[in-house]
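To start, I am sharing the structure in question, which I have written as structure tokens.
The values are calculated or read from the model by the stated rules, or taken from the named source; none is laboratory data. Given the structure is predicted, the values throughout are model-derived calculations rather than measurements. Positions of Cβ are generated from backbone atoms using ideal geometry, with glycine treated the same way; all protein chains shown enter the neighbour counts. Remember, those area values only see protein heavy atoms, side chains included, never the ligands or the DNA or RNA. Shrake-Rupley method; radii C 1.70, N 1.55, O 1.52, S 1.80 Å.
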Amino acid sequence: MKDVRIDRRVFLRGVGGVAAGIAATSLTACGTGSSRSVGSGAKSSKTLVVRDSGGAYGEALRKAVYTPFTQETGITVQAVNLQGTQMLAQIKQGRPQFDLINNSMMDHAKFVAQDALEKLDTDRLKSVKSAKIPEGQITDHAVAGSFYANCMAYRTDAFGGRKPESWADFWDTKAFKGSRSMCNPDADLPELEFALLADGVPMDKLYPLDVDRAFKVLTRLRSDVKKFWDSGPLPGVLLSRQEVTMSTVWDGRLADLQKQGVPVERQLNGARRQFQGFAIAKDAAHVDAAYQLMDFALRAEIQAALAKAFPSNPSSPVAYAKLTEDERNALAGAPKYYDEGFDTDTDWWLKNETAVTKRWLEWARG
């Protein structure tokens, strides 16, 4: 089974800027165009088509969301794995072969710029209020149901019992010796926020990002960065082989390493959150059913069920109370950790991603 978490990050990152008008080729995604039907086994007179990213995440959605939805409503769910360019082409032709889209909130915004999504009637989404989804994750065209966090990982046996507590420690290679790894824009947004936090910028004062200052701070660490990772598993590989003592990482990646006995831990202070959610394709054939599934998936108990099936952090604060203490505290979104991180400013990145990525690539080449 392919690593869908890699694909989701590539989809989330995208390329291009909204201000200049987003070309279809700037909306990257995972996928082969494959599809799979999810239902109770009996034929239904109603079928809903959902685009998701497949793989382990798609299987978790099937188990935690689609199958229970079919059992409750009788509506069969067919999941398809389409690239962004494929989706846009179908929507532009006025004949999308899918109804509901599971995607990053950033890429939903890119679709909005292409007039590719239906404007939502949030009165039809009762779960938005009952699940207490944060207002910042509700837009005119999409609602977030989960998020992932980009944070710090480190070897617990590398620093004589000391634990790094901030991004300033990540930059301090004298007190916390060893090589580092950070992400390549092929995997995720450039990590400018971490550089600014390391330089003393308060978390609530990050945006708009001071790009010049961030690159100056990145330059201080450049010679100690052994590898820029471009896939989800790579930070764990580098830490396991002791090629680096610290790395940025997608939260949720460390659990398997810890089960294998690798001495690694995460630090969630200054973690960067990016949200994933649902939107309805423009001119979708089954709008009513799409609203029904969207409302179902946003329920707090369904978000909690998905978190049990996949390392996905619910957007609903109510969902965490429906998890055991161990399940809850394994997630970056747990109440005890939430205030330690920050939400990515999607609007800022939409306007600046192309220019920042170009500058990052020039900087990395030295």
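Please give the Cα centre distance for segment 196-238 versus segment 52-113, rounded to the nearest Å.
33 Å
Right, another one. Restricting to DSSP H runs of at least four residues, report the calculated mean residue ellipticity at 222 nm for the chain, -39500 (n - 2.57) per run over all residues, nearest 500 deg cm²/dmol.
Only helices count here, giving -10000 deg cm²/dmol.
Under 4 °C and 1.567 mPa s, how fast does segment 90-224 diffuse according to Stokes-Einstein, given a Kirkwood radius computed over C-alpha pairs? Answer in µm²/s, whole number.
70 µm²/s
In addition: Let me spell out the model: positive unit charges on the Cβ of Lys and Arg, negative unit charges on the Cβ of Asp and Glu, origin at the Cα centre of segment 251-335. What dipole size does that give, in debye rounded to 20?
220 debye
What's the magnitude of the charge dipole for the chain around its Cα centre, counting Lys and Arg as +1 and Asp and Glu as -1 at the beta-carbon? Answer in Debye, nearest 20.
Around 740 debye, computed over the chain.
Roughly speaking, what is the stretch gain from Arg124 to Glu72, that is 0.36 nm per residue apart minus the C-alpha to C-alpha distance, in nm to one decimal?
Once the chain is fully extended between Arg124 and Glu72, it gains 17.0 nm.
Give me the 1.4 Å probe accessible area per residue for the chain, excluding ligands and nucleic acids, in Å².
Normalised by residue count, the accessible surface of the chain is 42 Å².
What whole-number volume per residue, in cubic angstrom, does the convex hull of the C-alpha atoms of segment 228-356 give?
155 Å³
Same structure, new question: Which of the peptides 231-238, 207-214 is most tightly packed, and how do the rest follow, going by the mean number of other Cβ atoms within 10 Å of each residue?
Those peptides, ordered most packed to least, come out 231-238, 207-214.
Quick one: if you take sqrt(5λ) for each eigenvalue of the C-alpha gyration tensor of the chain, what semi-axes come out, biggest first, whole angstrom?
Semi-axes (√(5λ), whole Å): 35, 23, 18.
Here is a further query. Starting from 0.36 nm per residue, how many nanometres of slack lie between Glu265 and Gln242 once their C-alpha separation is accounted for?
Fully extending the segment from Glu265 to Gln242 adds 6.9 nm.
How much net charge surrounds Lys322 when only other residues with a Cβ under 15 Å from its Cβ are counted (Lys, Arg +1; Asp, Glu -1)?
0
Shifting gears a bit: So how far apart, in nm, are the two label points at Lys46 and Asp157 if each is 7 Å from Cα heading toward Cβ?
Here the modelled spin labels are 5.6 nm apart.
Which loop-located trypsin sites (Lys or Arg not before Pro) does segment 144-211 contain, where loop means any DSSP state but H, G, I, E or B and the Cβ has at most 16 other Cβ atoms within 10 Å?
Answer by residue number: Arg162, Lys174, Lys177.
Give the calculated FRET efficiency between Lys63 and Glu362 to the nearest 0.05, with a Förster radius of 41 Å applied to their Cβ-Cβ distance.
After rounding, the FRET efficiency stands at 0.40.
Within the accessible area of the chain, what % is carbon and sulfur when the probe is 1.4 Å and the other protein chains stay in place?
Carbon and sulfur atoms account for 47 percent of the accessible area of the chain.
Moving on to the next point. Which entries of Lys132/Lys282; Lys177/Lys358; Lys63/Lys322; Lys46/Lys282; Lys174/Lys259; Lys92/Lys119 show an alpha-carbon separation above 22 angstrom in the structure shown?
Lys132/Lys282; Lys177/Lys358; Lys174/Lys259
Follow-up. Between Gln93 and Ala255, how many nm apart are label points set 7 Å from Cα along the C-beta direction?
3.9 nm
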